[in-house]
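The values are calculated or read from the model by the stated rules, or taken from the named source; none is laboratory data. What you see is a predicted model; the values in this text were computed from it and never measured. With ligands, DNA and RNA removed, areas are computed over all heavy atoms of the protein, side chains included. Shrake-Rupley method; radii C 1.70, N 1.55, O 1.52, S 1.80 Å.
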Amino acid sequence: MTIFICLKWPQNCRTRGRVKESLSLSERTFRCECGFESDRDVNAAINIKHEGMKRFAIV
């Protein structure tokens, strides 16, 4: 089974699900309007993990 990676996952707030409209590659920290902050790569990895868990009905 193949899971396609959405390019917006680094831009999704993992706590609220909001999408940050612009996040340049030079921005290494994801900052959401809700106050959540995370390294952009860590945020993307957790979003991808959660999506995989949803697709395989693990959650």
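Taking all protein chains as shown and a probe of 1.4 angstrom, ARG40 keeps an accessible surface of around 20 Å².
In this structure the amide hydrogen of PHE30, modeled in the peptide plane, comes within under 5 Å of the amide hydrogens of SER38, ASP39, ARG40, none closer than 5 places in sequence on its chain.
Along region 23-38 the Karplus relation, 6.51 cos²θ - 1.76 cosθ + 1.60 evaluated at θ = phi - 60°, assigns HN-Hα couplings of 9, 6, 4, 6, 7, 8, 10, 7, 10, 9, 4, 6, x, 6, 9, 7 Hz to successive residues, with x for each Gly and Pro.
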